[in-house]
Amino acid sequence: MRTLLLSWTCLLLFVFSSAVFADDAKLKALIVDGQNNHGVWPKTTQMMKSYLEDSGKFTVDVATTGKKSTDGFAPVFKDYDVVISNYNGQRWPSATDKAFVEYVNSGGGFVVVHAANNAFGDWDEYNRIIGLGGWGGRNAQSGPYVYFNKQDEIVRDTSKGKGGHHGRQHPFQVIVRDADHPITQGMPKSWMHTQDELYDQLRGPAENMKVLATAYADPATGGSGRHEPMIMTIDYGKGRVFHTPMGHAEYSMECVGFITTLLRGTEWAATGKVTKTIPDDFPEPNAEAKRPFEAEKN
């Protein structure tokens, strides 16, 4: 009996230690949310959390501000390999601002999703970290517009004008501009993204920034008539930043292209490498591909 009890104890200890080791081997991610002009943010946070956890590569925590105040908001950024922002609201406490900048500058990964590039228009270091932003009082003093012209040349346009605009929501084609980067390597040259806001006229410092993919903001849907950045990376100090203006709503985040890009971009921001492969159901040049989130959870 004692031998049997000892065997079961050893087995339980082995199972427990294996589970702990497995979690320790995963990348630690933190999603920041709590205020956003997009009312769907609680669901989109849960969608991104689920995608990251289901990949088997991440453990995910969520840090949420108050609805009307950021008092006391003080995540310990340095405890994480990567921070994902689904936040667009009031400034954080000054100590939190400072800790965030130090975190990225010292090598922390950061991921900017959709309206997170609307946040903190008057915060110079945040604008350097995200490369480009919209709204929030951004104008010519914030930095140039960045886009591709008809000759497929990248343009840094210092014209006067506000930062941030989009036309009507619609599905649109994403064009890969850098097929050699780990995030976009293996993607089709072009693929259809599901209904979303196509941000255009973003502007900012755009320092140490690479545009990996663009989308054409068609004047027929109220767009700028330019090929606008849709997947970007920014180097800030020792930190790596992945930035996508895609992801307006839950239906936008059901796109297999968005899910894949989020997973690959987040892994790259955390490690500088990408191990997530392009899935078989990835969108085609003229055909969308979606994974209904609720159906997947039931």
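Residue count for the range 203-219 satisfying the condition of being touching a strand residue (DSSP E or B) at 6+ places or on another chain (Cβ under 6 Å) and either outside any strand (DSSP E or B) or of a type outside the set (Val, Ile, Thr) (or both): 11.
To keep it simple, each residue is scored yes or no on (1) among the aliphatic types (A, V, I, L, M); (2) crowded, with 20+ Cβ neighbours inside 10 Å; (3) without any contact (Cβ under 8 Å) to a residue 12 or more places away in the chain.
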residue	(1), (2), (3)
ASP24	no, no, yes
GLY39	no, no, yes
THR44	no, yes, no
GLY72	no, no, no
TYR80	no, yes, no
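Got at least one residue in the range 102-109 being crowded, with 21+ Cβ neighbours inside 10 Å and outside any helix (DSSP H, G or I)? Yes - at least one qualifying residue is present in the range 102-109. Among the residues here, GLY257 qualifies as assigned to a helix (DSSP H, G or I), over 23 Å from GLY121 (Cβ atoms), in contact (Cβ under 8 Å) with a residue 24 or more places away in the chain and not aromatic (Phe, Trp, Tyr). For ARG156, the requirement of being within 19 Å of PRO205 (Cβ to Cβ) and assigned to a strand (DSSP E or B) is met. Contact map, the range 204-220: first residue touching a residue at least 12 places away in the same chain (Cβ under 8 Å), second residue among the acidic types (Asp, Glu) and surrounded by fewer than 21 Cβ atoms within 10 Å (Cβ to Cβ), Cβ cut-off under 7 Å, separation 6 or more or different chains; pairs are ASN208/ASP235; LYS210/ASP178; LEU212/ASP178. The requirement of being charged (D, E, K, R), under 21 Å from VAL40 (Cβ atoms) and either in contact with a His (Cβ under 7 Å, 6 or more places away or on another chain) or modelled with pLDDT of 95 or more (or both) is fulfilled somewhere in the range 243-264, by at least one residue. Would you please name the residue that is nearest to the chain's Cα centre (by Cα), looking only at residues in the range 110-148 that are on the phi > 0 side of the Ramachandran plot and crowded, with 22+ Cβ neighbours inside 10 Å? Among those residues, the one meeting the criterion is HIS114. You will find that of MET187, MET246, MET230, the residue that is of a type outside the set (S, T, N, Q) and in a strand (DSSP E or B) is MET230 and no other.
Considering only the range 175-183, I want to know if a residue exists there that is farther than 23 Å from MET47 by Cβ, touching a residue at least 40 places away in the same chain (Cβ under 8 Å) and in contact with an Asp or Glu (Cβ under 8 Å, 6 or more places away or on another chain). The answer is no; no qualifying residue exists.
The values are calculated or read from the model by the stated rules, or taken from the named source; none is laboratory data. Not measured: the values here are computed from a predicted model. Reconstructed Cβ throughout: ideal geometry from the backbone, glycine too, with neighbour counts over all protein chains shown.
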